[in-house]
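Participant: Below: one structure in structure tokens.
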């Protein structure tokens with residue numbers, strides 16, 4: 001059953017996919033801390049308010065994944081935000097997440113790019129894991 005994008009069940013499925021991803025496990029052996037993926041509001045895409053999910057990452061493993069509340073968003077070392085349009089392109093494999101970050105389509109709104117760069121392979125594998133989630137997009141997305 002498809003999970004609605006960037007909601008609780010989607011985040012849990014994402015965490016499960018991360019834990020099934022051997023490439024992520026190897027690339028993230030030194031990664032400690034959480035990452036938040038944030039989708040900005042865009043009523044034309046059926047997103048009436050921001051949606052955020054968080055993955056608690058620890059040495060190649062996802063300890064938990066769920067919808068991110070305000071406190072978790074305030075404490076997360078990394079937040080990557082983007083519009084529904086760019087997240088859809090990234091999740092469908094039409095846009096590379098690192099190129100999207102470097103080009104400003106996705107924004108690192110918390111955490112420094114130089115702190116994330118050593119984990120570029122791991123970050124890409126996080127997105128590859130997200131692409132494996134059976135995702136339900138709101139009605140009207142093209």
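The values are calculated or read from the model by the stated rules, or taken from the named source; none is laboratory data. Everything quoted here is computed from the prediction, not taken from an experiment. Every residue, glycine among them, receives a Cβ derived from its backbone with ideal geometry; neighbour counts consider all protein chains shown.
Participant: Which one is modelled with the lowest pLDDT among residues in the stretch 109-123 that are surrounded by fewer than 16 Cβ atoms within 10 Å (Cβ to Cβ) and in contact with a helix residue (DSSP H, G or I) (Cβ under 8 Å, 6 or more places away or on another chain)?
Facilitator: 113
Participant: Further question on the same structure: Quick check on the stretch 118-128. Is at least one of its residues farther than 22 Å from residue 29 by Cβ and in contact with a strand residue (DSSP E or B) (Cβ under 9 Å, 6 or more places away or on another chain)?
Facilitator: No.
Participant: Take residue 84 and decide whether it is more than 22 Å from residue 22 (Cβ to Cβ) and surrounded by 15 or more Cβ atoms within 10 Å (Cβ to Cβ).
Facilitator: When the stated conditions are applied, residue 84 passes them.
Participant: Name the single residue, out of those in the stretch 1-18 being buried (at least 21 other Cβ atoms within 10 Å of the Cβ) and in a loop (DSSP other than H, G, I, E, B), that is modelled with the lowest pLDDT.
Facilitator: Here the residue is 5.
Participant: Go through (1) over 25 Å from residue 119 (Cα atoms); (2) touching a strand residue (DSSP E or B) at 6+ places or on another chain (Cβ under 6 Å) for residue 36 and report which single condition fails.
Facilitator: (1)
Participant: Further question: Say whether the condition of being farther than 18 Å from residue 121 by Cβ, modelled with pLDDT under 95, under 16 Å from the mean Cα position of the chain (by Cα) and surrounded by fewer than 15 Cβ atoms within 10 Å (Cβ to Cβ) is met by at least one residue in the stretch 52-71.
Facilitator: yes
Participant: Another question, then. When you look at residue 29, is it exposed (fewer than 13 other Cβ atoms within 10 Å of the Cβ), farther than 23 Å from residue 134 by Cβ and in contact with a strand residue (DSSP E or B) (Cβ under 7 Å, 6 or more places away or on another chain), yes or no?
Facilitator: no
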